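Accompanying notes for the structure given below.
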Amino acid sequence: MPTTRILIYGATGRMGQALLRLTKTHPALHVVAAVARDASRIIDAPAFSTSQLSQVPEFDAAIDFSLPEAFDSILNLCVSRKAALVSGTTGLSDAQRNAMQNAAQHIPVVWSANYSLGVAVLKHLSAEAAKVLGHWSADIFEAHHVHKQDAPSGTALALGESVKAYYQGDVHYQSQRAGDIVGEHTVQFAGSGERIELTHRATNRDIFAAGALNAAERISAKPPGFNRFETLIFS
Ligand SMILES: NC(=O)c1ccc[n+]([C@@H]2O[C@H](COP(=O)([O-])OP(=O)(O)OC[C@H]3O[C@@H](n4cnc5c(N)ncnc54)[C@H](OP(=O)(O)O)[C@@H]3O)[C@@H](O)[C@H]2O)c1
């Protein structure tokens, strides 16, 4: 079976650790580099510090779950090595999003605020509801653990974009940061005398890691271009 050579960026983080654990059960993926600021905290994988990024071996796809301040380095590395990028980092600036679109002219890229199958379906359902409920009010509620830095979450904003494609009014966002909540999103449509709530609850971040690994396996054979996660997994 051909293997995809993977670089994991942000390897010491909550998502990075889930990715490193799950790749061990994924025979088609081989981790050739795990990168973090402090490489000594990485066990059981070829470890590189961010200052050694230019020295990592050849790889087919980088999987990035880091923070916006770390994103530019991995995007540039993927372009210079002509390798694919799978990114789940949220809170990127407009300039970083533009840079990612420019990079997609040279390498395959997938970025998603949420790599779970359930949220991909929730986006679809929310868009379908918005098509007929455009005159109701639309609100998006999200809850995450206390360490999450950006708000509203990238997933809440992506759900809002799905709704806004068919909805004329304002979409309102509410965020909660509490305990160790992995991620909860509700899209609410409220009319006169009735209300619809569409909710997704993530209870384990392995779902995001599994989705990103799936995307990495599929994208490394693609030509340069920007890919949506939904398109990759539903095609
Ligand atoms: N798309 C999705 O499905 C999805 C799901 C969950 C999370 N996320 C997003 O993924 C990202 C990571 O989440 P997480 O919960 O794993 O966060 P986390 O636990 O805080 O991990 C962040 C990682 O980035 C590294 N990092 C931070 N600043 C850096 C810098 N300046 N240079 C290089 N590396 C740096 C950290 O290294 P240190 O250990 O050295 O700090 C750590 O390895 C966030 O943007 C989050 O919103 C996306």
Problem - Count - residues of the stretch 219-230 that are at pLDDT 90 or above and either among the polar types (S, T, N, Q) or buried (at least 20 other Cβ atoms within 10 Å of the Cβ) (or both) - result: 3
Practice task
From the list 170, 150, pick out the single residue that is of a type in the set (Asp, Glu) and within 11 Å of the ligand (Cβ to nearest atom).
Solution key: 150
Practice task
Consider residue 170 carefully, then state whether it is closer than 22 Å to residue 208 by Cα and among the acidic types (Asp, Glu).
Solution key: no
Practice task
Go through the residues of the stretch 57-67 one by one and say whether even a single one is among the aromatic types (Phe, Trp, Tyr), in contact (Cβ under 8 Å) with a residue 40 or more places away in the chain and more than 8 Å from the ligand (Cβ to nearest atom).
Solution key: yes
Exercise for the section: Could you tell me which residue of the stretch 117-134 is nearest to the ligand (Cβ to nearest atom), considering only residues that are assigned to a helix (DSSP H, G or I) and of a type outside the set (A, V, I, L, M, F, W, C)? Expected result: 118
Handout entry: residue 11 being in a loop (DSSP other than H, G, I, E, B), touching a residue at least 24 places away in the same chain (Cβ under 8 Å) and within 21 Å of the chain's Cα centre (by Cα)
Key = yes
Handout entry: Residue in the stretch 146-160 that is crowded, with 18+ Cβ neighbours inside 10 Å and at positive phi present
Key = no
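Which of the following residues is in a helix (DSSP H, G or I), of a type in the set (S, T, N, Q) and within 14 Å of the ligand (Cβ to nearest atom): 76, 114? Walk me through it before giving the result.
Details: 114 fails: in a helix (DSSP H, G or I).
Unique residue meeting the criteria: 76.
Take the residues in the stretch 20-31 that are of a type in the set (A, V, I, L, M, F, W, C) and either surrounded by fewer than 18 Cβ atoms within 10 Å (Cβ to Cβ) or near the ligand (Cβ under 9 Å from one of its atoms) (or both); name whichever of them is nearest to residue 210 (Cα to Cα).
That would be 22.
The values are calculated or read from the model by the stated rules, or taken from the named source; none is laboratory data. Values in this document were obtained by computation on a predicted structure and should not be read as measured data. Positions of Cβ are backbone-derived with ideal geometry, glycine not excepted, and every protein chain shown enters the neighbour counts.
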